[in-house]
Every structure is written in C-alpha cells, then in structure tokens.
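First comes the structure, then the notes that go with it.
The values are calculated or read from the model by the stated rules, or taken from the named source; none is laboratory data. None of these values were measured; they are calculated from a predicted model. Each accessible area value is taken on the protein alone, full model and side chains, heavy atoms only, with ligands, DNA and RNA left out. Shrake-Rupley method; radii C 1.70, N 1.55, O 1.52, S 1.80 Å.
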Amino acid sequence: MPTYRERDVRGAIRETLNATGAFDGVYLAGLPENRGERSGDLRAAAIEPAATNVAGQGDDIDGTLAATACITLILLARDDDPATRDDAAELLLNTAAAALNGRSLARLTLPGSTRIRSWTWLRPAAPERRIEATLEFQYLVEGWSAFDLSE
C-alpha cells in the first residue's frame, strides 16, 4: 500500500535535485542561513511545503481523494558579478524544471501534474540572487481516511 505523506515527496525532490549535481546543497528546512547556521553554498535550493487542496471524487466517502499540493523551491545563486549570478539562478531553475517536471515523485505523484508552475525573481542582495518557484503536483488517496499515520 502506498504512503500518502507529502514529506516523502519532499524527500524525493531533494534526492532528485541532489542527483543533478548542480547544487552545493539541497535543504528540507529552509536555507542554513535562515536557521542561524553558516552556509558557503554558491548554488543551493530549499524545499518548503506551501499548500494542499483535497477534493473528493464524488459523494462516496469511501472513494478516492485527489490532493493538489504546492511546494516552494527557493533557488539561490551567489556570485560577485550580477550577470553571472542571474545566469546561474536561471540555470538552477531550468535544471530543477528538467529534473522534476513530468515525474512521479516518491512513486506517489501523478507525472502529468508534476511541474514547476510559476516562479518569481526576488530582488538581488549582493552577492546573491534568489528565485522562488512553485512546484505543483497531484496524488490520489484511496479512501478518505487512508492517510499514512506512521512516524
């Protein structure tokens, strides 16, 4: 029986982005400097849960639920040269899209709904540039109370 935990999806996102080799660090709990830790990453990503909507597939309470979830990906590039850091940030965005779009993450998400839906360029703060991207995905829960309760 599959699990219905979004933390498994976030873990799969981390593994997938790490496997690209484009990032010095990929984090599940925000960037290290946002937690008061030191970070020397030149290229990094943070994976943060954002929102989930759940809809029933009819009137049967024993039927399937469709969950549509969004994850915020914070992509960070550091370089003293503004053009170089913008180019690097865009490359991180494109790398994430190529690695994640159309994939089944944690064998849970529906590939046709897994995609980077939008992104926003944040104002640069030398020596860094950040892009906040929204990754959207859907998964099905077989039964209204079938969410995974394991630790």
What does the helix-only formula give at 222 nm for the chain: each DSSP H stretch with n ≥ 4 adding -39500 (n - 2.57), the total divided by the residues, and the result rounded to the nearest 500 deg cm²/dmol? -7500 deg cm²/dmol
Tell me, what % of the accessible area of the stretch 65-150 is carbon and sulfur with a 1.4 angstrom probe? 51 percent
Please say if the stretch 78-151 is rounded, prolate or oblate, where rounded means a/c under 1.5 for a ≥ b ≥ c the square roots of the C-alpha gyration tensor eigenvalues, and otherwise the choice is prolate for a/b larger than b/c and oblate otherwise? prolate
Solvent-free Debye scattering, log10 I(q)/I(0), computed from the Cα coordinates of the chain at q = 0.08, 0.12, 0.19 Å⁻¹: -0.25, -0.53, -1.09
So for the stretch 64-119, averaging the separation of alpha carbon pairs under 8 Å that are six or more residues apart and normalising by length, what relative contact order in percent results? 20 percent
Using Cα-Cα distances under 8 Å and only pairs 6 or more residues apart, what relative contact order does the stretch 8-151 have, in percent? 24 percent
